[in-house]
Amino acid sequence: MNLFFLLISSVTLFLVVVAVIEITLGKRSIRFLKDISPEHDFKGDKVSIVIPARNEEKEIEVALKSVLAQGYNDFEVIAIDDRSTDQTAEILEGIAKRNRKLQVHHISMLPGGWLGKNHALGVSVIALTMDDMPVTTEFAPFGTGQFFGFSDLAIGLTYSQKMTDKFSFGVTVRYMEETLDKLKMRGVMIDLGTYYWTGLGSTRFAVTVSHFGAEMAPDGKINLVGNREKSDWQSFSPPTMFRIGFAFEPYENKEHKVTTSIQLNHPNDNSENFALAVEYVWKSLLSLRGGYKFNVDEQNISFGAGVDVPISIAKFTFDYSFVNFERLGSVHRLSIILGF
């Protein structure tokens, strides 16, 4: 199993490196429009160029200047500001004042029944493995000379749909396989989720059911002390979790956004608990987060921060989080995401 995960990791790393090389070389080989001379002078009908934009304050001015500087005479540029929350609208209006060929239209709200891209399909793979551990018994507390391993593997297929402009739902069907030494357990679990935008400001809530499925039991046979064998195992229900959450923005403008949320959790194998959380975002670049979970023995306090930095070939995201585990101590997590 360790060899399998090593192979998957190596292939993934190879594909990422190849993608970065391809993107870098591809960008170098692309010629800019400003460096290309027209093959002949064309005099035809008036041409209208429509450019939609949403939160493009870093790129929109350069893009429009390139379009407006072309050699064709009879044309107009229509820029559509699609509810931008940054400085996109101000930049467009400033360029329009200096160049009459540019017209700016602002969309303040979507028309009734507008859904946009309302279908999504995803595939997920979750894997967990560990180094082999020594087998210990009451007669050999320091080890019998044998070792055992553990691994988890889950493969999921997700489909979601935006039914209306306020209601969405999604479902994930996941095949799960867990291996502990000579025992192996397999099963199919389902995750269900709904999302509803109330229309009252930014308030919305979501309901999810995770790890719903039939009872499962391990397969396999082990040898106990005294040369006894055991192959009959008790079945149990998967750790199903029901969650309902509510969130809204008490304060939001073009530079600052504060999001608050509350979530109620009902596991089938533990007591209910709830959590409060808050997030502050500055210019869609810097995020600060914190939360507290009530009626739990572990993971009560958490906080973190994130940075979103667009670079030349990708969008770079760095996140850090801290979670307080009472018995295990502090847990720190770091993640780096490159979005192409």
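The values are calculated or read from the model by the stated rules, or taken from the named source; none is laboratory data. Just so it is clear, the model here is predicted, and its values are computed rather than measured. FYI the Cβ positions are ideal-geometry reconstructions off the backbone, even for glycines, and counts take in every protein chain you see.
For the range 190-197, the criterion of being part of a loop (DSSP other than H, G, I, E, B), within 30 Å of M109 (Cβ to Cβ) and out of contact with any Phe, Trp or Tyr (no Cβ under 6 Å at 6 or more places or on another chain) is met by no residue. Scan the range 168-177 and tell me whether some residue there is among the aromatic types (F, W, Y), farther than 21 Å from P52 by Cβ and in a strand (DSSP E or B). Yes, that holds for at least one residue. The conditions of being acidic (D, E), touching a strand residue (DSSP E or B) at 6+ places or on another chain (Cβ under 9 Å), at pLDDT 90 or above and not in a loop (DSSP other than H, G, I, E, B) are not met by D308.
Taking the listed residues S261, S330, the one that is hydroxyl-bearing (S, T, Y) and surrounded by fewer than 16 Cβ atoms within 10 Å (Cβ to Cβ) is S330, with no other qualifying. With respect to the conditions (1) part of a loop (DSSP other than H, G, I, E, B); (2) closer than 22 Å to E229 by Cβ, G201 lacks only one, and its number is (2).
Looking at the structure I just gave you, is A154 touching an Asp or Glu at 6+ places or on another chain (Cβ under 8 Å), at negative phi and surrounded by 12 or more Cβ atoms within 10 Å (Cβ to Cβ)?
Answer is yes for this residue.
Taking the criterion of being surrounded by 14 or more Cβ atoms within 10 Å (Cβ to Cβ) and hydroxyl-bearing (S, T, Y), the residues of the range 203-233 that qualify are T208, S210. The residues listed here are G339, G245, G329, G290; of these, the one that is more than 30 Å from G213 (Cβ to Cβ), modelled with pLDDT of 90 or more and out of contact with any helix residue (DSSP H, G or I) (no Cβ under 7 Å at 6 or more places or on another chain) is G290. Only one of the numbered conditions (1) in a loop (DSSP other than H, G, I, E, B); (2) charged (D, E, K, R); (3) over 26 Å from the mean Cα position of the chain (by Cα); (4) surrounded by 13 or more Cβ atoms within 10 Å (Cβ to Cβ) is not met by E93, and that is (1). Quick check: is even one residue across the range 134-143 charged (D, E, K, R), part of a loop (DSSP other than H, G, I, E, B) and either in contact (Cβ under 8 Å) with a residue 60 or more places away in the chain or under 24 Å from G245 (Cα atoms) (or both)? Within the range 134-143, one or more residues are charged (D, E, K, R), part of a loop (DSSP other than H, G, I, E, B) and either in contact (Cβ under 8 Å) with a residue 60 or more places away in the chain or under 24 Å from G245 (Cα atoms) (or both). If you filter the range 271-294 down to residues that are buried (at least 16 other Cβ atoms within 10 Å of the Cβ) and touching a Phe, Trp or Tyr at 6+ places or on another chain (Cβ under 9 Å), you find that the one that is nearest to K254 (Cα to Cα) is S287. K184 meets each of the listed conditions (1) assigned to a strand (DSSP E or B); (2) closer than 30 Å to S261 by Cα; (3) in contact (Cβ under 8 Å) with a residue 24 or more places away in the chain apart from (2). In the range 258-276, the residues that are in a strand (DSSP E or B) reach residues that are modelled with pLDDT of 95 or more and of a type in the set (S, T, Y) with C-beta atoms within less than 7 angstrom, at least six apart or across chains, in these pairs: V258/Y280; A275/Y292; L276/Y292. Looking across N268, N324, N295, one residue alone is on the phi > 0 side of the Ramachandran plot and touching a Ser or Thr at 6+ places or on another chain (Cβ under 7 Å). It is N295. For the range 76-84, the criterion of being outside any loop (DSSP other than H, G, I, E, B), at pLDDT 90 or above and either of a type in the set (S, T, N, Q) or surrounded by fewer than 13 Cβ atoms within 10 Å (Cβ to Cβ) (or both) is satisfied by no residue at all.
Matching residues to (1) over 30 Å from E255 (Cα atoms); (2) touching a helix residue (DSSP H, G or I) at 6+ places or on another chain (Cβ under 7 Å); (3) modelled with pLDDT under 90; (4) not hydroxyl-bearing (S, T, Y):
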| residue | (1), (2), (3), (4) |
| --- | --- |
| V16 | yes, no, yes, yes |
| I21 | yes, no, yes, yes |
| R31 | yes, no, yes, yes |
| E39 | yes, no, yes, yes |
| E59 | no, no, yes, yes |
| L64 | no, yes, no, yes |
| Q87 | no, no, yes, yes |
| L102 | no, yes, no, yes |
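Among the conditions (1) surrounded by 14 or more Cβ atoms within 10 Å (Cβ to Cβ); (2) in contact (Cβ under 8 Å) with a residue 24 or more places away in the chain; (3) of a type in the set (D, E), the only one that D297 does not satisfy is (1).
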